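Shown next, in structure tokens, is the structure this report addresses.
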Amino acid sequence: MDIVALVISALSLVVAGVGTFQANRRAKEALDESRSAAADARWSAAQEAVQHLIGFDPTAEPVDQRLVNLRIALIGLVDHLDGWEGLDAWLEAERTLGATFARELMDAARHGDGVEQRVNNLMPLMSWAQALSHNLRRFRSVGHDRQSLAALEANALALVKEVHARHGWELPPATNPRLEELDN
């Protein structure tokens, strides 16, 4: 009788161990899926904000809220992607470029512009938004690529400088002089 009880106890211990192992594995899978879904939602929010700028005409309605939504979505993406060094700098350069193209478009627009002229004026902003959308989709599918991020950031900053120089505008500040970084 003692042997039967010992065998039953050993079997119970094995069943409990297997059950615990499976429960832990399922919990880990659920946690991984939850993290993946949260990351997907952030990438999708960034894409949605960009899509609202494709075909958008800042001469017909204010651009400020769309740029704010873009900044919020991009910050949300950057803040929750670990190990993506350079993503924040690239996306800030892109947002600055988008605002620059919107300003250029608003300055170029004239009352009475025909459809062809309006489309020509819109082209830099639209093509920028389409390129940003494409690049976000690419990074989402292939993952972090520091060299590509650096090249895209440099390109965006060069275009910002070019447009500002062409119009004689002062460059936007690279930092906010009222803010100081916290010591770590």
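Structure summary
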read-out: J(HN,Hα) series, the stretch 16-24, from Karplus relation 6.51 cos²θ - 1.76 cosθ + 1.60, nearest Hz, glycine and proline x; value: 5, x, 5, x, 5, 4, 5, 5, 5
read-out: Estimated FRET transfer efficiency (Leu81, Leu13; beta-carbon r; R0 35 Å; 0.05); value: 0.25
read-out: Stokes-Einstein translational diffusion, the chain - Kirkwood Rh over all Cα pairs, 0.692 mPa s, 37 °C, in µm²/s; value: 165
read-out: Computed label-point distance, nm, for sites Asn69 and Gln147 using a 7 Å Cα→Cβ extension; value: 3.7
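Readers should treat all values here as calculations from the given coordinates under stated rules, not as data from a laboratory. Values in this document were obtained by computation on a predicted structure and should not be read as measured data. Glycine gets a Cβ as well: all are built from the backbone with ideal geometry, and neighbour counts include every protein chain shown.
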